[in-house]
Structures are given as C-alpha cells and as structure tokens.
Amino acid sequence: MTARQRERPTRTDAPQGPAVDLDRYTPAYFTFIANKLARGASKHYLETYGVGIETWRIMVMLAIEGKVTAQRVCQLIGMDKASVSRTFKSMHAQGLISFSSDDHDGRLRHAAFTPRGREMHDNIMKFALNREQAFLSVLAPDEVDVLIDLLRRLHENLPMVDATSDAFMETQRARGLVPPRGPRRRKVST
C-alpha cells in the first residue's frame, strides 16, 4: 500500500457522476498547500506575537514598499478590502502601524510601520524564512529556481484565466446551461 493510498479515505459508495481528479487538478494543490502553510504559520504567529496571517501579509508589503494603502494591498496580494481595513485597524490598535494622508488625494491613507511594528516584522520574518526553507528542502536548488519561474508565470497568467472564465460563463448563459447573472456585485481590482 502506498502513502497516497493510505491518505485517501475508503469510499463506500460509488461516485454518481464526473469528479475532479485531485491528483492532477492543479488548483487543488495550490489551495491545499496555501491553506496548510497559512494555518501552520498563523498558529505560531498568534501564539508568539499575537498576530494572524493577514497581519503578516500586510507586514510583508510594508517592509517592501515602506508605506501602503488598503487599495495597494488588495491590488498586489489579492486580499479582500474589508479584510485589509479590519487588519489595518487591528494593527493600528496594537501600535504596529501609523497612518498618514496622501499628499495628492486626501481620501487615501497610507499605513507605515511604527518601530514596534518593524521589530515584530523582522522577528517573524526569521521564522517565515525558516518555514520556507523547510518547505523547499525536498527540491534541489535548480528545481527551486524552476518552481519560482513557473509560479511567477502562472501568477502573470491569472488575468487571462479570468477573461477565459468570463467568456466561458457568458457562452454557457447564452445557451441556457447556467442561470443568468445574479445581482451585480462590485468588482474587486486585482
């Protein structure tokens, strides 16, 4: 019996229709890996530093850019704007960030690290890089380079995936194969 066979639960009933082959469905692997990495990291961030994975993601952006708006965080890493706003509020209450108004648009607020926030980022970063090293330890250095290149290319291809999805659904709607659109929701910029 292989490790893969041991991991799968035994089905007592046969599937009643088509099913995705999770061994070959790449979005599932991305989801499984991302969820498990985030859950494991978040556990330690919360226990040790009192912050969650959303705070860490924003800290990464602040360390790279110096100051960011909620819109910029949403644009770069795809977080929901409401989640970014809640996280900004929590980080501000914890003394990790301060806010300043945009010189050109008074409606925009820029978040920046406080000294306490920067220190926390630097400490968490050591842990995050240790986790990344352990995660990638099953790959040779040249495989890591290939993986990073592939992930970058896949990331850059996401707008085409969304456009293809939109076109597919419109065709399906025109053929009456899926329900018409529900109420329009605001589009989140990516």
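The values are calculated or read from the model by the stated rules, or taken from the named source; none is laboratory data. Note that the coordinates shown come from a computational prediction; the quantities given were computed from them, not determined experimentally. Cβ: placed from backbone, ideal geometry, glycine included. Neighbour counts: every protein chain shown. Surface areas here come from the heavy atoms of the whole protein model, side chains and all, with no ligands, DNA or RNA. Shrake-Rupley method; radii C 1.70, N 1.55, O 1.52, S 1.80 Å.
Taking 0.36 nm per residue of separation and subtracting the current Cα-Cα distance, fully stretching the chain between Phe30 and Asp103 would add 22.4 nm.
Rolling a 1.4 Å probe over the heavy atoms of the protein chains gives the chain an accessible area of 76 Å² per residue. Counted by Cβ distance under 14 Å from Ile64, the other residues give a net charge of +2, where Lys and Arg count +1 and Asp and Glu count -1. For Lys43, the aspartates and glutamates whose Cα falls under 17 Å of its own Cα, not counting residues fewer than eight places away in the same chain, are Glu54, Glu132.
Between Ala19, Ala70, Ala167, the GNM of the chain built on Cα springs shorter than 10 angstrom shows Ala19 fluctuating the most. Secondary-structure-derived ellipticity at 222 nm for the chain, considering helices only, amounts to -20500 deg cm²/dmol, per-run term -39500 (n - 2.57) for DSSP H runs with n ≥ 4. At an R0 of 41 angstrom, the distance between the Cβ atoms of Asn130 and His92 translates into a FRET efficiency of 0.90. Between Ser90, Ser42, Ser101, find the one with the highest GNM mean-square fluctuation for the chain; connect C-alpha pairs within less than 10 Å. Looking only at Ser90, Ser42, Ser101, the biggest GNM fluctuation is shown by Ser101. With all protein chains in place and a 1.4 Å probe, the accessible surface of the chain carries 56 percent carbon and sulfur.
Simple rule: put +1 on each Lys or Arg Cβ and -1 on each Asp or Glu Cβ in the chain, find the dipole, and look at His92, Thr31, Val161; the Cα lying farthest toward the positive end is His92.
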